[in-house]
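We did not get these values from a lab; they are worked out from the coordinates using the rules stated. Just so you know, these numbers come straight off a predicted model, no measurement behind them. All Cβ positions, glycine included, derive from the backbone under ideal geometry; neighbour counts span all protein chains shown.
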Amino acid sequence: MKRIFLIIAIFLCNQIQINAQMQDVGIAKYAVLEVLGDNTPLREKGCEKSNRVTHVFKDAVLFADKQTDDYFRVELNENNYAWINKKFVEVQAIIPEKRFDNIEKISFKSEKKFYKTKIETPSQSAFLIKEEGNNLDFTLFDNRYDPIETSLEKNDKFLIPEKITNELNIKYNNKKPLFGYDVEKYEKGYIYTIKKAPKVSCKRPLKDMIVVVDPGHGGSEKGVVAFGIEEKKVNLDISKKLRKELRKKGATVYMTRKKDINVPLYDRPKFAKEKNADILLSIHQNSLENRAEITYKYGVGTYYYHPQSKDLAQKIQENLIVATNFRDDKVNHRSFVLTRPTNQISVLVECGYLIRKEEADKLVDKKFQKNIAKAITKGCEEYLIKNFTN
Ligand SMILES: [Zn+2]
C-alpha cells in the first residue's frame, strides 16, 4: 500500500513540476511527449469534438509548448499547431529547445499500381498530408532534411526542397484526381504510398476495380430498429445485391460480412486496406437521435470525409435520387470510421430513413433494393468515366 502512495506521490510531484516549468514565461520550453498508441488523433483545438488534423503512430515524439487540463498543444512547426489529449501521451522531459532527427535515407519506387516513398528516420514524429485539388502535400515534422545526403530519385511528379530544412516536404503534382494515399510506419521509418490513377475504359469502367462493400452493423449490433425491421438485415440485403451488380460490371468485390455476424467497427477499414480496395462502400439506413425531426429530415444521403471521395459521393447521390425518388438528404461531409480512410475512395450511403414508415416500406422491398444497388453501381461507373478515362 505504502509503495502505491509513494508512486502516486512521485507521479504528482512530476506533474506539478512539469506544469510549473511549462508555465514559465519568457523562456522557450517544450515538454517532450511520447505517444502511447497507434493512430492517435491530433486535433485543431484542445477538445474532443474539434476536427482531426492528422494521426500519429505509437512511440512518436512530439513537442508541446502549451497545455490545458486535458490537452497539450503540440508545435509541428512555427506555423502549425495541433492538440493531443493527455491520456494518449507520456511526458519524457522538459527541454529548452526542440531537437531534430536527421533523415537518413529516402528511396522512391514506382510500382504497377503505386508510388512508394520510403523515408528512413531514427524515430517517429508527426506528419501531415494535405489534399490540394489533384495534388498532395506531405510534411514530416522535426526531421532535418539535407537534399545532398538524402537524394530522392528524380520524378517530375514529386517536388522536394533544394535546401536543408527542419522538416521534409514532398509535393506530389498530379494531372488526374487523387485515387488513394497512405502513410504507414515500418521498422526504419515511414512508407508513403500514393495510388496511381487507374486506366479506365468507357465501356467497362469497373473492370478490374477492387470494391469492398461494407454492410453496416450485424450480429448483436442491429443498427436502427423500426416497425419491426432491423437495419443490419436491410444493409446486408442491399449489399448482396450491390455485390452482384458490381460483379456483373467486371469489379472484384469483397464484403466485410456476408452473414448476420458481429464485425468490429475498426476491422472494416482494415479489411478494405488488406484487400487493396480501390473503392469502399459502406451501406446503412438512417435514423435520428431526435425522432421529432423526421418531419423535415428524411430521404437518401451520401457521406464522405476527404476531398478525394467527394466526387464519387456526388455521383452515387445523383443516381440514388433518381432510383429511389426519395427526398435529397444531400452529399454530406462527415467524419465516420468508414469515411475517414484514405487508402481508397471511401463513401458511406444512408439509403433512407428506416424510422419513416413510407421509406421503411420501400427499403425492405426486394425490387427497390435492387434499384438501389444498380444506382450505386451506376454512380461508381460515372465517377470513374468522368475522372479516369483519357
Ligand atoms: Zn447504420
Open item on the list: Here is the link list: Lys330/Lys386; Lys240/Lys378; Lys195/Lys275; Lys222/Lys367; Lys195/Lys366; Lys199/Lys244. Which ones come out longer than 25 Å on Cα distance?
Closed with: Lys195/Lys366
Task: Longest exposed-site-free window of the chain, the sites being chymotrypsin sites (Phe, Trp or Tyr not before Pro) in a DSSP loop that have at most 13 other C-beta atoms within 10 Å - done: 1-226
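Scan the chain and note any complete DSSP helix (H) whose C-alpha atoms cover at least 24 Å along its axis and whose Kyte-Doolittle average is 0.5 or more. Write out the running numbers ahead of the final one.
Working: long enough: 2-23 (31 Å, 0.85); 231-248 (26 Å, -1.51); 366-388 (33 Å, -0.62).
TM-like helix candidates: 2-23.
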Open item on the list: Tell me the mean residue ellipticity at 222 nm calculated for the chain from its helices only (DSSP H runs of n ≥ 4, each -39500 (n - 2.57), averaged over every residue, nearest 500).
Closed with: -8000 deg cm²/dmol
Task: Alpha-carbon gyration tensor eigenvalues x 5, square-rooted, for region 210-388, Å - done: 23, 18, 16
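For region 224-346, what is the percent of antiparallel DSSP beta bridges, rounded to the nearest 5?
Working: 2 of 8 bridges.
Approximately 25 percent, going by the DSSP bridge assignments.
Relative to the compact globular guide of 2.2 N^0.38 Å, what is the alpha carbon radius of gyration of region 101-195, as a ratio?
On the way: Rg = 12.4 Å, N = 95, 2.2 N^0.38 = 12.4 Å.
In units of the globular-protein estimate, region 101-195 measures up at 1.00.
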Open item on the list: What is the distance in Å between the Cα centroid of region 173-196 and that of region 107-160?
Closed with: 9
Task: Whole-Hz ³J(HN,Hα) from phi, Karplus 6.51 cos²θ - 1.76 cosθ + 1.60, for region 286-301, glycine and proline x - done: 8, 8, 9, 5, 9, 5, 5, 5, 4, 5, 10, 10, 6, x, 9, x
Open item on the list: To make sure I understand, if each residue's beta carbon is the centre and we count other beta carbons within 10 Å, what order do Ile160, Ile376 fall in, fewest to most?
Closed with: Ile160, Ile376
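Which GluC sites (Glu not before Pro) does region 252-325 hold that lie in a coil by DSSP with at most 16 other beta carbons within 10 Å? Don't jump to the answer; show the numbers that get you there.
Numbers: sites: Glu274, Glu289, Glu293, Glu318; in loops: Glu289.
When the GluC sites (Glu not before Pro) of region 252-325 are filtered for loop state and at most 16 Cβ neighbours within 10 Å, Glu289 remain.
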Task: Cα centroid separation - region 245-315 against region 375-390, whole Å - done: 17
Task: Descending principal axes extents, region 165-278, alpha-carbon based, whole Å - done: 61, 39, 23
- [ ] Report the net charge of residues surrounding Pro307, where surrounding means a beta-carbon distance below 11 angstrom and charges are Lys +1, Arg +1, Asp -1, Glu -1.
- [x] -1
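Which of Glu48, Glu187, Glu231 comes first, and how do the rest follow, when ranked by fewest Cβ neighbours within 10 Å?
Glu187, Glu48, Glu231
Quick one: length gained pulling Lys113 to Glu97 fully straight, 0.36 nm per residue minus the C-alpha distance?
Values: separation 16, 0.36 × 16 = 5.76 nm, distance 4.21 nm.
Length gained, Lys113 through Glu97: 1.5 nm.
Can you put Glu97, Glu120 in order, fewest other beta carbons within 10 Å first? It would help to have the intermediate numbers written out before the result.
Numbers: Glu97 9, Glu120 16.
By the 10 Å Cβ count, ascending: Glu97, Glu120.
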Task: Stokes-Einstein diffusion coefficient of the chain, Kirkwood radius over Cα pairs, 20 °C, 1.002 mPa s, in µm²/s - done: 92
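Which percent, to the nearest 5, of DSSP beta bridges fully inside the chain are antiparallel? All intermediate terms of the calculation are to be shown ahead of the outcome.
Numbers: 63 of 85 bridges.
Among the beta bridges of the chain, antiparallel pairing accounts for roughly 75 percent.
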